[in-house]
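Below is one structure, written out as structure tokens, with a few remarks after it.
The values are calculated or read from the model by the stated rules, or taken from the named source; none is laboratory data. Owing to the predicted nature of the structure, the values given are computational and were not obtained by experimental measurement. Cβ sites come from the backbone with ideal geometry, for glycine too, and all protein chains shown count toward neighbours.
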Amino acid sequence: MAQCFILAGYECAIADIDKETAAAAKVRLVGEARAYEEDGLFEPGSADLIEERLVAADSIEDAVRDADYIAEVVSENLAAKEQVFGRISAAAPANAVITSNTSAIPISVLAEFVINPERFLGAHWMNPAPFVPCVEVIPIAETSEVATTRVEQLLESVGKVTSRVSDVAGFVANRLQFALFQESMRMVDEGAATPELIDEVVSNSFGFRLPFFGPFAGADMAGLDVYVGAYGSLSKAYGERYAVPPSLVDRVNSGNLGLKAGGGFTGMDASKRDEIARYRNRAYVALAKLREELGPRPDRDQ
């Protein structure tokens, strides 16, 4: 995150449990940046800029004293977060926006630790921060619209794609990610598949499509009636957890089948079916070529 802000032209300070740990973090970030330069992922000179402009503060108080935007990124430990937010709230300027990078804790829970919670919201980055576009922005009832907009504009200025999501445990990304992992673990525990096989199938099937078509666009393209039929087979085999969603049945019963009729969940225009198919095909071929260019993952047999 600090790398992103520095390379976008912002002043940035980091803090940790003590000044020595913060200094070590700066060394690590500069070293990472040099490696990214060598791999052509950062522009030449990026590491020197980060080394020059990134401040390793002696304390949390020193880091936030003159800050406009503050990000809490401590571990998913509620007691630790309470302590850190207490120190931030006491030392930060009254108009500073305070955010949490929590992966799953509801922001409303953390807001209890923040003085003046109208300036507080979630801003959940994905790893690795310099390269994954999404940041989930999570305002709560107390958060002012001004604070939310400031955060969105700031994140977009460093090249991020902001998605304003609801304050539910896990938000959107991790709720979906962990649901997939839970079902994957269930299959492994049942002996239905190995971890290696599951990874292979996911990355070469629906996972291959996900960069271009999310779950709802994929369903609309396949046909919502097809999904209803598949749920019938799955629920017969696995029970209630695969029961067909009622809103899906309602759409199908009303004749809304997705791209082929009704537009589905995403409002796909049937008159653009051929254009969508051409885009899909070009996208998949381009991704296949990229994978071939990158070669096998280093831990796999050549």
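Scanning the range 203-226 for residues that are assigned to a helix (DSSP H, G or I), farther than 20 Å from R175 by Cα and free of Cβ contacts under 8 Å to residues at least 24 places away in the same chain turns up N204, V226.
Within the option set A90, A79, being small (G, A, S) and touching a residue at least 24 places away in the same chain (Cβ under 8 Å) holds for one residue only, A90.
Among the candidates V64, V55, the residue that is surrounded by fewer than 18 Cβ atoms within 10 Å (Cβ to Cβ), over 24 Å from V161 (Cα atoms) and β-branched (V, I, T) is uniquely V55.
For the range 201-208, does any single residue satisfy the condition of being touching a helix residue (DSSP H, G or I) at 6+ places or on another chain (Cβ under 9 Å) and farther than 30 Å from M126 by Cα? The answer is no, given that none of the residues of the range 201-208 is touching a helix residue (DSSP H, G or I) at 6+ places or on another chain (Cβ under 9 Å) and farther than 30 Å from M126 by Cα. Restricting F85, F42, F113 to residues that are more than 26 Å from R150 (Cα to Cα), at pLDDT 95 or above and aromatic (F, W, Y) narrows the list to F42. Of the candidates S184, S144, S163, the single residue that is without any contact (Cβ under 8 Å) to a residue 24 or more places away in the chain, touching a helix residue (DSSP H, G or I) at 6+ places or on another chain (Cβ under 9 Å), surrounded by 13 or more Cβ atoms within 10 Å (Cβ to Cβ) and not hydrophobic (A, V, I, L, M, F, W, C) is S184.
Just checking, how many residues over the range 154-181 are polar (S, T, N, Q) and over 20 Å from T102 (Cα atoms)? Qualifying residue count, the range 154-181: 1. For the range 1-42, a tally of residues being of a type in the set (D, E), over 19 Å from I60 (Cα atoms) and either touching a residue at least 12 places away in the same chain (Cβ under 8 Å) or buried (at least 20 other Cβ atoms within 10 Å of the Cβ) (or both) returns 1.
For the range 258-274: of the residues being out of contact with any helix residue (DSSP H, G or I) (no Cβ under 6 Å at 6 or more places or on another chain) and assigned to a loop (DSSP other than H, G, I, E, B), which is nearest to M221 (Cα to Cα)? Please lay out each step first, then the result.
The initial filter retains those residues of the range 258-274 that are out of contact with any helix residue (DSSP H, G or I) (no Cβ under 6 Å at 6 or more places or on another chain), namely 260-263, 267, 269-274.
So of that shortlist, the ones also assigned to a loop (DSSP other than H, G, I, E, B) come out as 260, 263, 267, 269.
On the way: K260: 8, G263: 9, G267: 11, D269: 11 Å.
Taking the candidates together, the pick is K260.
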